[in-house]
Every structure is written in C-alpha cells, then in structure tokens.
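Input: a single structure, listed below in structure tokens.
Nothing in this text is a laboratory measurement; each read-out follows from the coordinates by a stated rule. In this text the structure is predicted, and so the values were computed from the model without any measurement. Here Cβ is always computed from backbone atoms with ideal geometry, including for glycine, and neighbour counts include all displayed protein chains.
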Amino acid sequence: MPSVWSTPLKTLRTAAWHLREGGVPQLRLWWSRQPPLLPRRRRTGRPSTTPSATTRPQPRVRYGWRGDPSAGISNGYLADHGFPLPERAAVPAYTPEPRHVLYLLHNALPHHSGGYATRTHGLLTELNRIGWAVDGVTRLGYPYDMPGKADIPDLPPSEVVGEVNYHHLLTGRQIEKKNPMFDYTERYVDALLPLAQRERPAILHGASNHWNGLAAVKAGNQLGIPSVYEVRGLWEVTRASRDPEWGAGDQYRYIARMEADTARGADRVIAITGALRDELVARGVDAEKITLVPNGVDTERFAPLPRDEELAESLGVSGKTVIGYVGSVVDYEGLGLLIDAARALRACREDFHVLIIGDGAALEDLQAQAADLSDVVTFLGRIPHEDVERHYSIIDITPFPRRPLPVCEMVSPLKPFEAMAMGKAVVASDVAALAEIVDDGHTGLLHAKGDAQALAARIEQLLDDSALRERLGAQARDWVVAERDWRSLARMVADIYEEITA
C-alpha cells in the first residue's frame, strides 16, 4: 500500500468516505481494487441530457459504489445508469379523493421556519382555503436527522400548524442513513405507502430535493396516481458555488443526474425561477411540462407599518436613513460588498446606518471586515420571528447584493418579497433570479453584480432622494400584492393539479 503522504488528496477523501459509510471492511475492499497512486477519472459536471438506454436495471442489482458486492444499488451505479423508476400501474390502487394531495417535504413548521418552510406553509394554507385538501408529509427520518434536532420530544404521527396538517414518517428516533440513496428511497416509499392507502390522495407532490421527488414518483407509479416534482433549488449547484473543485467531481454528476431523472419521471414539474426552468430543460426535461411558480409572501402579514421610534432610538439610529438587511448571513449573499459600500459612503456622509439582522456561517468574517465601521454598521444577530415586521418598520433601504454565483443566478430568496410587501426600497444585484423580481427603476434598483462601487452608487441615489425611496417602495408593494401573494401562486399550483387529474 502506498504511503499516505504520496496519495492524491481526492483518493484520501474517497477512502475517508468509505470508512465512514461502511467501516474498515468496505475500505479494505475498495482500496484493494484501486490502481496504486492513480486517481479516478474526472467526469463532467453536467448529466446526460437524454435518458440512458440502461436506466431500468433489475430492482436488486448488486453494484457497490466501488464494486462492493455487499451493497445494494449504489450512488455510483445510479450516476452511470439512472434511477430505476417503476412503471405506472394501469389502475389506481384505491379510489382517490378527488382534491386530496400529499406534499412531501424536506423540512417544515414548526421545527424549521426558514424560506423553505415558509413557502410550503404559504402555499398549503391558500390551497386549502380554495377547496383543495393538501397535507404536508415530512420525509422519512425528519426532524431527528437535522442539526440540533436529535433531542426534541417524540413527535406524533401528525400535527396541525395553523390551517395545515403535517404528517411525519418516522419509524423511531434513529437517524436514517441516506447512502446508498436507492435504499433510503425504498424505505421512504415503504413508510409512505400505508399513509397514502389511508389518506387516498389523488396526487403525490414532492418538493426539493430529489429524495422527496423520487419517493413521490415511485409511490405514485406504484399506486397508479400522478406525481409532481417541485424544484426549489439545485443543492448540488449550491454546494458547487462554495466549492468549485467538488462541482467538477463524481458527486456533483450523481446528484445532477438524480435531479434530472426525478423531473423526467414526474408528470409535471414546478420551478421557482426561470433560470431553474432553463437548467432543467438543459438537463433533458421536457419544457412543456415545467410551470414557473415563483416565491411569494403573505401580504397581509407583511404590510407597511409606522416607524417604531422607540426601537430606532434603542438601536441608536434615530434621525438616520437605515439600510437594513434581514436574512441569512452566508457568503453568497454578498454582504461583504455591503460593508465595502458602507465604508465608501462613510468617507463622504454620516446620515445613514447599516443594520445586519440574522446569523450564519459568514457572520464572524463579516464582523471582522466591519471592525472599523462600528459607528455606521451594527450587527443584531438573529431576532425572534415575530419581531421581523417591527424591525422592518425602521428600515428605509433593503439591499440584496447577491454574488455572481450559479446558485444566486438560479434561486430567488424570499426576503426581497417581504421587504417589498413592507413598502421598502429594494437594491439588488442583477443576478438572473433577482432581475426576475426587481424591475429596475419601477419596483427597485439593480446594481452590477459583484461590484461594491455600483452598489454604493445605487444606495447613495436613494439616500439623496426620499421621494424616490417612497415611490419605489409603494410600487413594489403594489406589484407583490398583485403578482406574488401566496393566494395567486396557490391558484397556479391548483391549475396544475386540476390538469393532471382531469
């Protein structure tokens, strides 16, 4: 065996993966099959745009990630041959309830309250109000497999949050192993089928990622009912945006293939941005079955409020024009550009203050970058969910300077819709997903992506013109009420349901 010091880094990483997934026996078996000191062939990141002729292997083919005969259908096999979806049953396994849907989810309220859970709850609430009976179903093993959730109390089989019923697929408190992924989807479907037999849905709807989508398509085909796959993001693109080397490797290729296979297998596909729709088409998904249903907002909850002068005084921003960011503090949000813009503006004026509300992996680096700007930049960290609107009331300008990365081009955040619904002037980078939202000069202002000087110039334009701020905020509010309220977006989803069950 070669010395560890002479072994390529990628080979060491793969060895570590086998040790973690299968222990010492799997590591030894894999290593015995490797040519000494030769890394595996690098593959392209984009999956095939057409289904392989060999995408339907026998269900229990033995083919390990590195040839391990003790494994089931491995991730490597799926990357090469595609996911073996069953044929659709000719006759439904039961008489479906005509307007009943089970909606498969990665996470949900009340255990998570981020953008994913917010979108789910907004759509399901409004779908139920217009005559559909749509229940959420959290994926097998959730929430115990999520960070910080292992010790939460035992969950009931279902719980009601607001007007939405959420079912939980749990066989205990154990953390469900996701690799091999084929085996996980088998267990997922085994847990889902009894629920479907009891509930008798007419449609199975899976939302990102492909774990949920594949379970929806597999179970739907077995039950003889249609399925929908909703692509809210491509998680491999998100990771590759942070780690380009990973994006050139086998894991990216495998996940991209699974997303494409899921979308090709579903009866209808929903994408949340035009850029995601275009990417799916490039991966071989029929454009005719993709519908754009963007993100939205509850415009009754998020509505203009009088300025909370007491809060402004407590934060030391009375008499200032407040530039406020509310959301996740992660690298791709481009908040480093906002700090650079604040530094440039402070050199010539003192009439503004920047508030950064939220936390995340980039917070410490951002605080270090702004160490000399404490007079004009304040970090508030995470605030209670119910206090968000109160803080928006003291904000005048809301920046969203997302970086020019693939994930930012494809996926739109929810936060701009909340700011617009509150009547705030939005400044956003011109990445594709934000340019779909902000009509430059009408519902907000766009700046050149990745350019701190361009961001500073747009902010300065708004600092100098309070009438422009008010006009953009009012027009943004009008637009989201008309086009991006969850009520109108739920109607788009209902139209899809009606078409595939006609």
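Against the longest principal axis of the chain, how steep is helix 9-32, in degrees 0 to 90 to the nearest 10, with axes from Cα atoms?
Approximately 40 degrees, to the nearest ten.
Would you mind getting the Kirkwood hydrodynamic radius of the stretch 334-487 from its Cα pairs, rounded to one decimal in Å?
15.8
Rg and Dmax of the chain over Cα atoms: what are they, in angstrom?
Just the Cα atoms of the chain yield Rg and Dmax of 24.4, 72 Å.
In 5 Å bins starting at 0, how do the alpha-carbon pair distances of the stretch 116-161 split up by percent?
Over the stretch 116-161, the share of Cα pairs per 5 Å bin runs 5, 17, 23, 23, 17, 10, 5, 1 percent.
Compute, for the stretch 305-395, the length of the dipole vector about the Cα centre, with Cβ point charges of +1 (Lys, Arg) and -1 (Asp, Glu) only. Units Debye, rounded to 20.
Charge dipole, the stretch 305-395, about its Cα centre: 240 debye, nearest 20.
Answer with one residue from Leu123, Val137, Gly381: the one whose Cα lies farthest towards the positive end of the charge dipole of the chain, charges on Cβ with Lys, Arg +1 and Asp, Glu -1.
Of the options given, the answer is Val137.
Per q in 0.13, 0.14, 0.20, 0.24 1/Å, what log10 I(q)/I(0) does a Debye calculation on the alpha-carbon atoms of the stretch 263-322 return?
-0.57, -0.58, -0.77, -0.94
Taking the Cβ of Gly141 as the centre, find all other residues whose Cβ is under 12 Å away and add up their charges (Lys, Arg: +1; Asp, Glu: -1).
Combined, the nearby Lys, Arg, Asp and Glu give +4.
Work out the length of the dipole vector of the chain about its Cα centre, built from +1 on the beta-carbon of each Lys and Arg and -1 on the beta-carbon of each Asp and Glu, and round it to the nearest 20 debye.
So the dipole magnitude of the chain works out to roughly 2560 debye.
Compute the long axis of helix 181-199 from its Cα atoms, compare it with the longest principal axis of the Cα atoms of the chain, and write down the angle in degrees, 0 to 90, nearest 10.
Here the helix axis deviates by roughly 80 degrees.
Quick check: the angle from helix 250-265's long axis to the longest principal axis of the chain, C-alpha only, nearest 10 degrees?
Around 90 degrees separate the two axes.
Return, for the Cα atoms of the stretch 214-298, the radius of gyration and Dmax in Å, separated by a comma.
13.7, 42
Give, rounded to the nearest 20 debye, the magnitude of the charge dipole that the stretch 176-310 has about its Cα centre when Lys and Arg contribute +1 at Cβ and Asp and Glu contribute -1 at Cβ.
Here the stretch 176-310 has a charge dipole of around 460 debye.
List the lysines whose Cα sits under 29 Å from the Cα of Lys449, skipping any in the same chain fewer than 8 residues away.
Reachable lysines: Lys320, Lys415, Lys424.
Averaging over all projection directions, find the projected area of the Cα convex hull of the stretch 106-233 and quote it in nm² with one decimal place.
Mean projected area of the Cα convex hull: 7.6 nm².
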